[in-house]
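Here the structure is laid out as structure tokens; the discussion comes afterwards.
Read-outs: derived from the displayed coordinates by stated rules, not from any lab. In this text the structure is predicted, and so the values were computed from the model without any measurement. Using ideal geometry, Cβ is built from the backbone for each residue, glycine included, and neighbour counts are taken over all protein chains shown.
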Amino acid sequence: FFGNIEIGHDISSAELREHYHGVIYATGGSQSRPLDLPGADSGNIFGSSNFVGWYNGHPDQMDLAPALDGRTAVIIGIGNVALDIARLLVLPQDQLKRTDIADHALQALAHSGIEEVRLLARRGPVQAAFTPKELEQLMAIPGLQLLVDPADLELDEISARQLEQPEFAEARHNLSLLREIAARPQAEGKRIRFMFYTSPSRFAAVDGRVSAVQAQRTELVRNAAGQLEARAVADSLEIPAALVVHAIGYQGSAIDGLPFDQRRGVIGNAGGRVEADDQQHDYVAGWIKRGASGVIGSNRQCASESVQRMLEDFGSSLPSLAGDGIDALLAERQLEIVSLADWRLLDQHEQARGRIEGRTRRKLVKVDEMLAVIREARAREEAQ
């Protein structure tokens, strides 16, 4: 384990190949897919990767500073990430305090004016990507109002047939829960509103900051390829929005020296082997290999395929390596490497900070502070 090392900055992919027989990149989908709509560059519109990074204490997102003084937030997308963000925006402060949310986000949310979160989905409830467990967690929050238009739960013929298929068991459960929500009596309190068949078309802004989402209602149709897609209908609407987060999927980031497919957001590969002119013995697995889709089971199968490719390439013998060892190269560059033991020292420090306030941990969000804690803890251990 070599932490605090950036490939392409501290070490190149070519140098990694000199020191290892094979290199597997499993870097996932680290950034949000861009939202290509007019006005999407307005202030207080964020991709989910940035927004989630902000409240989870990612060092790169600590200065994001979203404005939370408005009453209505809009989340575009309706997968588990979208529901996670919605829950965070309405969760009571006493519950937030018990989590490991970053301190700056906890303080910002304590002064939040957001009363309603609207979840926009261009397709219907049958096609929603969230899991029943995620929805049940929302339903269990005391005092939270969940709203859904009963008309949106009336299925078209295509969705009804789709729902009968065995692989749509989760969708059937989701629909049952949504119907339960629709039947609940309404009351006062913070709200999450599910808006199916609603697709954003542009954003309005005041003084450079988002003020509303212009959207169109949609219907489901089969295209020429027989696939189900959402088609805009004549009805349009304007949704007030002081904050917008788009959770429409993730894509990978380019890695030094490796072929990258900008359109799909993946490293170019054939069955897990990176496409290159020479025998580089680079491999990929997970979302950086096939795109941001699938869950743990999908990744297991994906990883097995990549490892099998690697074993086929090497056969029964391994070539000799030109490098003397990665440790010597990194030491020569005087890089401040974080070992697994070092990370555990930081982990213990964060947990100890949290226990003082009855929390699971209090995260450090600045890299220099993390390194300082590790150095001090390491020095104490060496002095004992």
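Tabulated results
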| item | result |
| --- | --- |
| Qualifying aspartates and glutamates (Cα of each under 13 Å from Cα of Lys289; at least 8 residues distant if same chain) | Asp261, Glu275, Glu305 |
| Prolate/oblate/rounded label for region 13-126 (Cα gyration tensor, a/c 1.5) | prolate |
| Most mobile of Ala204, Ala128, Ala225 in a GNM of the chain (Cα contacts under 10 Å) | Ala225 |
| Spatially proximal lysines relative to Lys366 (Cα-Cα < 22 Å; intrachain offsets below 8 disregarded) | Lys97 |
| Relative contact order (%) - criterion: Cα under 8 Å, at least six apart; region: region 124-182 | 56 percent |
| The chain, relative contact order [Cα under 8 Å, separation at least 6], % | 25 percent |
| Gained length - Ala341 relative to Leu228, 0.36 nm times residue gap less alpha-carbon distance | 35.7 nm |
| For the chain, the longest site-free run once chymotrypsin sites (Phe, Trp or Tyr not before Pro) in DSSP loop states with at most 16 other Cβ atoms within 10 Å are removed | 21-384 |
| Fluctuation leader among Ala73, Ala187, Ala82 - the chain, Gaussian network, Cα springs under 10 angstrom | Ala187 |
| Candidates Ile239, Ile181, Ile296: whichever shows maximal mean-square fluctuation once the chain is modelled as a Gaussian network with Cα springs under 10 Å | Ile296 |
| Under the span-like rule (Cα at least 15 Å along the axis, Kyte-Doolittle mean at least 1.0), DSSP H helices of the chain | 80-90 |
| Point-charge dipole on Cβ atoms (K/R +1, D/E -1) for region 1-149, about Cα centre, debye to 20 | 520 debye |
| Tensor-based shape of region 171-243 (alpha-carbon gyration tensor, a/c under 1.5 rounded, otherwise prolate or oblate) | oblate |
